[in-house]
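In what follows, a structure is listed as C-alpha cells, so that the remarks can point back to it.
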Amino acid sequence: MADPAQQLPAVWTIKSILAWTTDYLAKKGVENPRADAQILLGHVLGYDKTYLAVNFAEQPSEADRGRFKELVQRRVAGWPVAYLVGRRGFYTLDFEVTPAVLIPRPDTETLVLEALTRLKPLTDPVVLDLGTGSGCIAVTIAHEKKDARVTAVDVSPDALDVARRNAARNGVADRVTFLHGDLFAPLPAGATFDLVASNPPYIAHNEFATLQPDVRDHEPRGALDGGADGLAFYRRIAAGVGPFLKPGGRLLLEIGSTQEADVRGILAGQPELEVGPTLKDLAGHPRVVSATKK
C-alpha cells in the first residue's frame, strides 16, 4: 500500500483503505478513483458497497490487503476494473467478462430497451444478435422477454464461451442458441427473424490512438476495429440482412456518436429497408439507428 508521497494511516480500516486508495488512484490519473477503490476492495472482501459503508471500521486481514494492493497496481497500469473483478453489471443482470470480450457499457442499454419495446407485442419472437461478445444483448433480451428465442453469433470462440456461461448464469441457456462464425455465415438456410440487433466494431483506424489506454490496450481489438473509416461492419450488415429479416422486421444498430448520418445513408442505400428514427442515449448522443424490412 505504501507510497512515500502519502502519509499512511495508523490503522488500515475499510474507511482508511478507501480514502488512501481513492487519493492514490486520483493522483495516478484514474478516472473514477472512489468507485474503482470500492469495487476492488469489495471484490477482495466479498462484500458490496453498502457493507463497506456500514462496516467502515472493520480491519481487513493482511492477506486481503495484499490482494487488494495487487489489484490497485494493475488498475494503475491500465487494466479495466471489470477485467480485474471478472464481471460487469448490465441492465438488471450481472455478466462475466474476460479480456476475450468487450466490457458491456450503459450506452448499449439504449439498444436493449428499444428491442424490448419492439418485441413486447409479439408472441414467441425470434431475435438475432450479431457479434454477441459477452452476450449482454442476447441474454438480456431473453431474460426480459420470456417467450423470445435468440440466436447469438460471434467470430470468436473464446467470446462465445463467455457468452454461454452468461446465458447459463442468468437462466436463459435453453432459449439462446450460440453460433460460431462471421455475421450471417453460420445461420441456417431460410432462417428469418423478427428483430436483428448488433453492436458492431465501429472504431476507425485513425481513432485508436485517441482511445483511453484501458480500452485501447486491453479490450479485444476485434470487437473495436471497424475498418479504415469505422463503417465496414455497417456496410456488411446492411447488405446482408435483407433475407434474414421478416417483412416488418426490425434492424437495430448501435453506432458511435458521430456516425449517425453515415450509417443512415448506408441503410438508405438498401431498397428493402426503410430507415427509422435514431435513438439517443442518456447523454443525448445518437446511439442506435433503426430500420424496418419493407
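The values are calculated or read from the model by the stated rules, or taken from the named source; none is laboratory data. Note that this is a predicted model, so its numbers are computed, not measured. FYI the Cβ positions are ideal-geometry reconstructions off the backbone, even for glycines, and counts take in every protein chain you see. Only protein heavy atoms, including side chains, enter the accessible area calculation; ligands, DNA and RNA are left aside. Shrake-Rupley method; radii C 1.70, N 1.55, O 1.52, S 1.80 Å.
For segment 188-200, taking the residues that are open to solvent by less than 20 Å² (accessible area, probe 1.4 Å) and assigned to a strand (DSSP E or B), the one that is farthest from SER257 (Cα to Cα) is identified as PHE193.
The residue pairs whose first member lies in segment 178-207 and is touching a residue at least 12 places away in the same chain (Cβ under 8 Å) and farther than 17 Å from ARG236 by Cα, whose second member is open to solvent by 70 Å² or more (accessible area, probe 1.4 Å) and small (Gly, Ala, Ser), and whose beta carbons are closer than 6 Å, counting only pairs six or more residues apart or on different chains, are HIS205/ALA228.
Considering every residue within segment 215-228, establish whether at least one is open to solvent by 20 Å² or more (accessible area, probe 1.4 Å), assigned to a strand (DSSP E or B), over 18 Å from GLY133 (Cα atoms) and of a type in the set (D, E, K, R).
Step one: filter segment 215-228 for residues open to solvent by 20 Å² or more (accessible area, probe 1.4 Å), giving 215-218, 220-223, 225, 228.
Keeping just the survivors that are assigned to a strand (DSSP E or B) gives 225.
Among the residues that remain, those that are also over 18 Å from GLY133 (Cα atoms) are: none.
Scanning segment 215-228, I find no residue that is open to solvent by 20 Å² or more (accessible area, probe 1.4 Å), assigned to a strand (DSSP E or B), over 18 Å from GLY133 (Cα atoms) and of a type in the set (D, E, K, R), so the answer is no.
Restricting to helices (runs of 4 or more DSSP H) lying wholly in segment 1-71: which have 3 or more residues that are surrounded by 13 or more Cβ atoms within 10 Å (Cβ to Cβ) and aliphatic (A, V, I, L, M)?
Values: elements: 14-27, 33-45, 49-54.
It comes to 14-27, 33-45.
Listed by first and then second residue, the pairs with beta-carbon distance under 7 Å, at least 6 apart or on different chains, first residue in segment 272-290 and in a loop (DSSP other than H, G, I, E, B), second among the aliphatic types (A, V, I, L, M) and open to solvent by 40 Å² or more (accessible area, probe 1.4 Å), form an empty list. Scanning segment 172-187 for residues that are open to solvent by less than 60 Å² (accessible area, probe 1.4 Å) and in a loop (DSSP other than H, G, I, E, B) yields VAL172, ALA173, ARG175, GLY181, LEU183, PHE184, PRO186, LEU187. As for segment 92-114, it holds at least one residue that is assigned to a strand (DSSP E or B) and surrounded by fewer than 16 Cβ atoms within 10 Å (Cβ to Cβ).
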